[in-house]
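K.L.:
Encoded as C-alpha cells, here's the structure I'll be asking about.
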Amino acid sequence: MSTAPAVSCVFVCHDGQGRILLARRSSGARDEPGTWDCGAGALEFGESFEDAVTREVGEEYRALPREIRMLGVRNVVRPGSHWVALIFSVRVEPGDVVNGEPHKFDELAWFRLDALPVPVHSQLVATLDLFAA
C-alpha cells in the first residue's frame, strides 16, 4: 500500500441532452463490483489533465471527447486508498460509445440524473453533485 495520494481524473460523460453514461462494474473491477459508476483513471506522469481524460474516455468507452470541462476536486480517503480526484464533465456522441473494457464493466447505459440505477458506487453521488451544480 502506498502512503502517497494518487491523482485520478474522474469523468461524467454526457450527451448534452440531459443523459449521463454509467458503467456497471464487473467482478474484475478494483472495488464495489455490481455498482454503477462514471469513468475514471489515474493521471500518468507528464500527462495533462485533458490528455488523461481523453485517453481514459477512449480506453473505457472507445469515444472521443467533444468537450471537456473541469468541475472541481475531491479528496477521497477510503480504507487502503487515498485519491485526489479531479472531476470533469465530458460530452460524447452516444453512437460512438462502446464498452472498451469488458473485463471491468458488465454494461454501459445512459441515465437521467433523476432516474439513476441501483446500486451506485459509493463515490458517485458526490461526483454527480459537482456535475449537477
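Values quoted throughout were computed directly from the atomic coordinates according to the rules given, and no laboratory measurement underlies them. These numbers come from a predicted model, not from an experiment. A quick note on method: Cβ atoms are made from the backbone with ideal geometry, for glycine too, and the neighbour counts reach across all protein chains shown.
K.L.:
Using all alpha carbons of segment 6-132, what is the percent of pairwise distances in each 10 Å bin, ordered from the shortest bin to the longest?
P.N.:
All Cα pairs considered, the percentages come to 13, 48, 36, 3.
K.L.:
ARG19 versus LEU64, label points 7 Å from Cα toward the beta carbon: distance in nm?
P.N.:
Placing both labels 7 Å beyond Cα along the Cβ direction yields 2.2 nm.
K.L.:
What fraction of the DSSP beta bridges in the chain is antiparallel, stated in percent and rounded to the nearest 5?
P.N.:
Once the DSSP bridges in the chain are tallied, antiparallel ones form about 70 percent.
K.L.:
Run through segment 18-103 and list the GluC sites (Glu not before Pro) located in a DSSP loop whose Cβ has at most 16 other Cβ atoms within 10 Å.
P.N.:
Sparse-neighbourhood loop GluC sites (Glu not before Pro): GLU44, GLU47.
K.L.:
Between ASP129 and VAL84, how many nm apart are label points set 7 Å from Cα along the C-beta direction?
P.N.:
The modelled label-to-label distance comes out at 2.1 nm.
K.L.:
Here's another thing I want to ask about it. If one computes the Cα centroid of segment 1-26 and of segment 93-132, what distance in Å separates the two points?
P.N.:
8 Å
K.L.:
Within the chain, what is the longest stretch that has no trypsin sites (Lys or Arg not before Pro) placed in a DSSP loop and near at most 15 other beta-carbon atoms within 10 Å?
P.N.:
It runs 67-133.
K.L.:
How far apart, in nanometres, would the label points at GLU44 and HIS103 be if each is projected 7 angstrom from Cα along the Cα-to-Cβ direction?
P.N.:
About 1.6 nm, to one decimal.
K.L.:
Within segment 1-51, list the chymotrypsin sites (Phe, Trp or Tyr not before Pro) lying in a DSSP loop whose Cβ has at most 15 other Cβ atoms in a 10 Å radius.
P.N.:
PHE45
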